[in-house]
Amino acid sequence: MKRKTLRRKRQARKTRKQGGVRLGKGAYGRVYAPGMLCKGTPAQVTKVLNIGRDMTHEAAMNTIRKLKVISAKLNEIDPNQDFFLYPEFCDEEPTLSNENKGDGLTIYDIAVSYNMRRADKTLREAHKAEFDEADKMMDTIYESEDMEILRKKHRPEAEALADKFVVIFGKVKTLLDKLHSIDILHGDMSSQNVMVMKDGSYRLIDFDFSRINSTPLEPFQKREEMKNLVDMSLTGWNKIYPDLYTRMVNSPAI
Ligand SMILES: Nc1ncnc2c1ncn2[C@@H]1O[C@H](COP(=O)(O)OP(=O)(O)O)[C@@H](O)[C@H]1O
Ligand SMILES: [Mg+2]
């Protein structure tokens with residue numbers, strides 16, 4: 001009996017050490033907090049890359065090497081992670097998390113310990129009401145035979161929402177401008193890669209697809225990244241309210 005309790009305790013400790021609570025899941029990794037042990041001190045979060053599906057072992061290693069260079073550059077302009085939550089690596093080389101097998105992770109996964117601050121919610125979760133309302137409105141209008149009638153009926157709400165989105169995306173644009181000012185393209189702008197902190201401020205995350213441009217960024221490259229985010233977040237707007245969509249995309253704030 002005594003032995004059983006002891007074993008159970010050890011098991012619980014192991015699970016915590018290997019990752020704790022899952023904060024979120026993307027296409028390429030899962031993020032846990034608190035993180036794994038890292039030179040004796042726990043990293044704040046740990047990302048475990050999903051090797052085997054969309055990513056080979058080789059690709060994961062390349063991503064990590066590239067991330068180290070990008071993080072060093074981000075650290076120069078944002079040492080306190082006030083704008084970007086970037087990994088501060090604890091290990092020289094990432095560890096294969098074969099010990100995690102019992103926790104449902106496979107031996108092929110690579111766990112990367114990050115000293116990266118913990119954020120509250122993604123942009124979409126933080127502004128769930130606005131995004132849901134916009135989605136619902138677009139679906140209703142799109143699926144209706146009386147599209148023209150509904151389009152007119154919902155116009156005032158659509159205008160009010162568009163104004164809200166300009167404010168929300170405007171804050172993201174400020175962050176993206178900072179990133180672009182050091183000639184880094186984010187490469188994966190979506191509402192899941194913008195985190196909202198408890199105090200309501202925003203941070204960009206997930207630099208796995210980022211790249212440092214060897215020449216100063218062209219205006220079209222910068223615009224493209226913002227457009228990706230807006231397009232993904234506001235599907236349907238360009239078809240149903242093309243003028244509002246254009247107004248949002250062309251707003252000086254966005
Ligand atoms: N510092 C953090 N605090 C809280 N949640 C986070 C943090 N970093 C990542 N996440 C969550 O984990 C998800 C996946 O992380 P991300 O680095 O974007 O992986 P992927 O490359 O798979 O998209 C995010 O969308 C978010 O929900
Ligand atoms: Mg992501």
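Observations on the structure shown:
- In terms of packing, defined here as the mean over residues of other Cβ atoms within 10 angstrom, the peptides 231-240, 72-81 line up highest first as 231-240, 72-81.
- Arg211 versus Met61: modelled label distance in nm, points set 7 Å from Cα along the beta carbon direction: 2.2 nm
- As a ratio to 2.2 N^0.38 Å, the alpha-carbon radius of gyration computed for region 121-249 takes the value 1.15.
- Other-chain or far-sequence residues with amide H under 5 Å of Gly24's (modelled H): Val31
- Linear extension gain, Asp82 paired with Lys153, 0.36 nm per residue minus alpha-carbon span: 21.4 nm
Readers should treat all values here as calculations from the given coordinates under stated rules, not as data from a laboratory. Since we're looking at a predicted model, the values are computed, not measured. No Cβ is skipped: glycine too gets one built from the backbone with ideal geometry, and neighbour counts run over all protein chains shown.
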